Amino acid sequence: MPNEVDRPEPVGEFPAPAATAPPDRARPGSREAARLSRAQRQPPVVPDALPAGRPWIHRLAVATAIATYLLILIGGLVHGTGSSLACPDWPTCYGTFMPKMEGGVLVEHSHRLAAGSVVILTLVLAGALSWAGRRDALARRLRPFGWLAVALVFAQALLGGITVLLRLPTPISTAHTATSLLFFMTVLYIAVRSRPERVTPPTAAPPMVARAALMAAAAVYVQMVLGGLVRHSGAALACVDVPLCRGSLWPHAHPTVLIQALHRLNAVAVAAVVLLSAVISFRQARRPITRVLAVAAPLLVGVQIWLGIRSVQSFLELVTVESHLAVATALLATLILTALTARPAVRPQFGGLAWFRGLIALGKPRITGLVVITFAGGLWLAPGPIPQWRAIMTLIGTAFLVAASNTFNMYLERDIDPLMERTRDRPLPRGTLSPETSLVFGALLACFAVPLVFLGSNLLTGILGLAALGSYVAVYTPLKRHSAVALFIGAIPGALPPLMGWTAVTGRLDAPGVALFAILFCWQIPHFCAIAIYRAGEYARAGFKVLPARVSTRTTLATMVAFSVGLVASTLVLGPLHVAGTAYVACALVLGAIFVGWTVAGYRRGAAPGWARGLFLYSLVYLTVLFVALALGRTVA
């Protein structure tokens, strides 16, 4: 969702215009007196900063949104009738723009004509926003979104053409579906926000209403993209039993079957998220329309699930499948409308390049990169082959999981980050992004990450990924404000990536994978204690309950030394387990001796900030060199 800022209180009356000349200087009957008299009779000038909106632009945007909804349904009809390649060329159909309209050509070419109409409507809408934006502040703020819609509709058309020319490749067809939904949401946003403003705007609901609805909308969007993957990969009838899939929730079968199984499991999770959002909206929203939408959302979910079941039982009956798509799109629109009607008094704001840089910063690229390297280490060290496409898919999914965890962490700590020097320049404290934007971005990352990890690896790795995400966001992040035990809880999700890399190949928990987990777990304790020591003042201002502030210095140092010794032992055990050779063991021994020695030196230096900062920096070098040596010295038992 784009950034939006709260609108100032509506102005019921405007300030009187300044007099052009002091009254005592205007003689009766003079030109100045006449001019002053005319100025006083003029109505107050409405400042351009007060966005009023243009009703005809609003109506045009609503028409474009309706046309887009119908276009999505026609697209579903094309696939449902098997007409996707009825016109084998593009953009023409059998070399002409007006072929004989019969059979599959009628369906496919009608889809193209409808798409052309939507393109024209979008161009007119963007042009209208640009023209009106010269005088109307609301249109000016919506102008970037109009041209974003133009970019998306052309991208959608291009993907549709590539789909035909390459004979329906699954990734391109799925991307076509995903882009069409993004375009629909963009146009719907313009349609709602272009409505002329009232003098007294409706009362806004608490922020949680909009945020819950946006989270649910993100989940529904990903579920619809996954449904597109089911449709385009031929997985729609991969499981003909309901509710199980070939007798199991997660069968040992071809990836096509797993796509269908994941779509079903994800539907249950999405239904729970939508239901939670509906409860929040109904209880907290103050506008009747928002509460009506809150009631409609779970009803649409129930109908959608029933239609999904009927689609399988009827072996993809056209009316049922088309209704399944129609209800899903209506559900997505309902959730978007819930979020927008819950926050009526906001101004659209597009942040430009800084907005995109803020999104990247939310994922903490350096930390995400380091975690992905440890995951790749486990993937590389594990015995046995893994197809390249599965390795890439799991790597991307893991990166998305880590970035989602970091994004949710920034959202939850947005009130504390301004108090710390190292976090005050993050996107939320600086105001580069709104909390709603960060929440939606994190939800999208998480919702895309889960299918990628499950489909790219196996059930065990997917469960470990979910455990890492859940424990980091729901347990570790809030616990930091209440207990120093959070350090040890947070070390668990931080240590799971190399184990996930191992299980992605082997599909089981065994000693080498657990040793990799132990390395990362033990490494984090002295690493983060060192940060807490040399940034003690910042953590105290923020109210975090870090270990060095809760126990004595000797207890903190003893903990750091104990886990440093455990770290070295965990690294050395990989030799006897035949994961790495002698060269690696020698390297690990030298690196570990320096690590333990540096930690023990804290007793002599009284855990001084300079010592702690040096240990922190060495711990980063240590982990990097260790995993490089491990990768180079890899042996397969």
Q) Just going by the charge dipole of the chain, with Lys and Arg at +1 and Asp and Glu at -1 on Cβ, which of Phe154, Thr186, Val590 is farthest out on the positive end? A) Thr186
**Q.** Val561-Phe356 FRET efficiency (beta carbon distance; Förster radius 60 Å; 0.05 resolution)
**A.** 0.85
(Q) I need the peptides 114-122, 404-412 ranked by packing, meaning the mean over residues of other C-beta atoms within 10 angstrom, with the highest value on top. (A) 404-412, 114-122
Q. Can you list residues whose amide H is under 5 Å from Arg414's amide H, if they're 5+ apart or on another chain and H is modeled 1.01 Å from N?
A. none
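So how do 389-400, 612-623 stack up, highest first, on mean other-Cβ count within 10 Å?
Highest mean packing first, the order is 389-400, 612-623.
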Q | Structure-derived Rg and Dmax of the Cα atoms in Å - corresponding label in [x] 35.3, 132; [y] 29.5, 108; [z] 26.7, 93 | A | [y]
Q.
Once you order the gyration tensor axes a ≥ b ≥ c over the Cα atoms, which shape class does the range 498-637 get: rounded for a/c under 1.5, otherwise prolate or oblate by comparing a/b with b/c?
A. prolate
Q: Express in whole angstrom the spacing between the alpha-carbon centres of the range 578-610 and the range 197-236.
A: 50 Å
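Quick note: the coordinates plus some simple rules give every number you see, no bench work behind them. Bear in mind the structure is a predicted one, so any value in this text is a computation, not a measurement. Note that we place each Cβ from the backbone using ideal geometry, even for glycine, and neighbour counts take in every protein chain shown.
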